[in-house]
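The values are calculated or read from the model by the stated rules, or taken from the named source; none is laboratory data. Nothing here was measured: the structure is a model prediction, and the numbers come from that model. Here Cβ is always computed from backbone atoms with ideal geometry, including for glycine, and neighbour counts include all displayed protein chains. Note: areas computed on protein heavy atoms with side chains; ligands, DNA, RNA excluded. Shrake-Rupley method; radii C 1.70, N 1.55, O 1.52, S 1.80 Å.
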Amino acid sequence: MSVVVRFAPSPTGYLHIGSARTALFNWLFARHYQGKMLLRIEDTDRARSTQEAVEAIYKGLEWLEIGWDETPVHQFDRLERHVEIANELLKKGMAYYCYCSPEELETMREEARAKGLPPRYNGKWRDRSPEEAPKGIDPVVRFKSPQTGDTVIHDLVQGEVRVSHQQLDDMILLRADGTPTFNLSVVVDDHDMGITHIIRGDDHLTNMFRQFNIFKAMEWAIPHYAHIPLIHGPDGAKLSKRHGALGVEAYRDMGFLPEAIRNYLLRLGWSHGDEEIISTKDAIQWFDLDHVGKSPARFDFVKLTNLNGHYLREADNERLVTLVIPFIESKYGISVNTEARDLLRRGMTGLKQRAKTLIELAENSLFYIVPQPLDEAAQKILNEEGLQILKVMGSRLPCFPETSWTEVGLEDYIRQIAEERELKLTKATQPLRAALTGKTVSPSVFDIMHVLGKDKTLERLYAVLKGK
RNA sequence: GUCCCCAUCGUCUAGAGGCCUAGGAUACUGCCCUUUCACGGCAAUGACGCGGGUUCGAAUCCCGCUGGGGACGCCA
């Protein structure tokens, strides 16, 4: 039997990072077994579902380069089928009408709570005859959960999980307005979609038992379950939307690369020995449920940032240019023309080694596009002594042939000048760096001079000398 | 409150009874490399929550405690 998994987010906000990890695990699992990953939008809550949120899910997955198979299923479209199954359960005597009002249920829960019992529906209408039904009240349909014994399920991550049936109340299948609820819809869809493995967040663990019983009542094949632990915030609490969990687009805007996010998320709860840097290819080859940990992990920006730095260094220069330009344009209000773009492209090898995010890369790239004012440290470097050396450079560099104007050629030449004057090389390079970039920290000055070219280099140099 | 789950360096984790005087990654500190900064290299600090068992032997198995988390909706 081939593997079919699904990612089933509800479109009530953005695609948050915990959901992204669930999607990633499903995707890797499907790819590993050469199965399918289907996408199902759980939009049955009409009040909270929005089209924007649906778009955000698609966009988020696309950005993360997590693809899905087949056309996404919109759960709401399948409403009639869900109702059909509810009616079938009714006919089988595995479900019944309940006429309790929401207020009545609230009191019921409070009373149970007061007695130290679990706040559950007490089964009031479970065995009553329909004749007792009050007039003018639209009933809900409830599932007849087993009342004695217990259910043991072997979860692929959690191991054996056992729940006493006393813990299970008769859940609502159909609301008073006739629409199906989550637990029903999920089971019907999972069955109809031929889902073999359900990989989802730990917070659904208790739903597993409710859903399991519907599968049994319908005599449908029961899928395998794998409940992966949740991601926690730095404070150790669930990283939920309410706690300000961020959508994937926020991570994109913070300058993270999708491959870095994927690698980071993968290592949050899954491991392969001591491997840390894991390519997608290896991830697909290695991924399994056996090595998913059972304890929740805290989200750590610092480690993500480190990983991002790694992938930034490895990334293709042209790609980084394309990625960084929007950051430059939006954050600094500078428009990047083709000439500037070319400088960025040629300077990228030196730039990318020194940035951990695209935001940092944008900031560090600025000097290539627009000459930058001298910052405080650069001013200090260009004191009397510094200016003196700069002047020397200003007079010597024009004589240096254009054909030798390369990183190596320039280094040799400037080393030579420094030696002549019995200066440490840094005494020569720091004033140059300050004049060329406005800063005391940058890529190699020889690299920068080469990228800028002779004309631009001298232009910048003279501009600083003139300004002093 | 009831039920369920979890528990190794600050954080992410390796560890499936002897390979563990507990390994890797990250962060922090120091040193080296070096035109600055990063990268890289080396080193140092740093953990099996507690208490009982089982066993010749426990981070690993069992029980209890403590701590953390999750679920208890006509939300998904």
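Some notes on this structure:
- In the set (1) closer than 16 Å to residue A:8 by Cα; (2) assigned to a strand (DSSP E or B), the condition left unmet by residue A:66 is number (2).
- Only residues that are among the basic types (Lys, Arg) and within 9 Å of RNA strand B (Cβ to nearest atom) were counted across the stretch A:428-457, and they come to 2.
- Near pairs, Cβ below 7 angstrom, 6+ apart or cross-chain, from the stretch A:144-170 (under 16 Å from residue A:215 (Cα atoms) and without any contact (Cβ under 8 Å) to a residue 24 or more places away in the chain) to any residue that is of a type outside the set (S, T, N, Q) and open to solvent by less than 60 Å² (accessible area, probe 1.4 Å): A:150/A:163; A:150/A:165; A:165/A:146; A:165/A:149
- Qualifying residues in the stretch A:350-366 (those that are more than 9 Å from RNA strand B (Cβ to nearest atom) and small (Gly, Ala, Ser)) - the one nearest to the chain's Cα centre (by Cα): A:362
- When every residue of the stretch A:262-275 is checked against the conditions, at least one turns out to be open to solvent by less than 10 Å² (accessible area, probe 1.4 Å) and either farther than 29 Å from residue A:75 by Cα or near RNA strand B (Cβ under 8 Å from one of its atoms) (or both).
- Per-region count, the stretch A:291-322, residues closer than 25 Å to residue A:233 by Cα, in contact (Cβ under 8 Å) with a residue 40 or more places away in the chain, open to solvent by 80 Å² or more (accessible area, probe 1.4 Å) and of a type in the set (D, E, K, R): 2
- When residue A:78 is tested against (1) within 21 Å of residue A:192 (Cβ to Cβ); (2) outside any loop (DSSP other than H, G, I, E, B); (3) within 11 Å of RNA strand B (Cβ to nearest atom), just one condition goes unmet, and that condition is (3).
- Qualifying strands (runs of 3 or more DSSP E) (wholly inside the stretch A:91-202; at least 2 residues being modelled with pLDDT of 85 or more and either more than 9 Å from RNA strand B (Cβ to nearest atom) or surrounded by fewer than 16 Cβ atoms within 10 Å (Cβ to Cβ) (or both)): A:95-98, A:140-143, A:150-155, A:159-164, A:197-201
- Residues that are more than 15 Å from RNA strand B (Cβ to nearest atom) and either touching a helix residue (DSSP H, G or I) at 6+ places or on another chain (Cβ under 8 Å) or of a type in the set (A, V, I, L, M) (or both), drawn from the stretch A:398-427: A:398, A:400, A:402, A:404
- Just one residue in the set A:389, A:328, A:334 is out of contact with any Gly (no Cβ under 8 Å at 6 or more places or on another chain) and within 20 Å of residue A:466 (Cα to Cα); that residue is A:389.
- Only residues that are open to solvent by 60 Å² or more (accessible area, probe 1.4 Å) and either farther than 26 Å from residue A:266 by Cβ or polar (S, T, N, Q) (or both) were counted across the stretch A:16-57, and they come to 6.
- Residue A:279 being more than 10 Å from RNA strand B (Cβ to nearest atom), of a type in the set (Gly, Ala, Ser) and closer than 29 Å to residue A:53 by Cα: no
- Matching residues in the stretch A:270-284 - criterion: being in contact with a His (Cβ under 7 Å, 6 or more places away or on another chain) and touching a residue at least 24 places away in the same chain (Cβ under 8 Å): A:270, A:277, A:284
- Scan of the stretch A:261-283 for residues that are within 16 Å of the chain's Cα centre (by Cα) and in a helix (DSSP H, G or I), ordered by number: A:261, A:262, A:263, A:264, A:265, A:266, A:267, A:280
- Selection over the stretch A:284-339 of residues that are under 20 Å from residue A:272 (Cα atoms), assigned to a helix (DSSP H, G or I) and among the β-branched types (Val, Ile, Thr) gives a count of 1.
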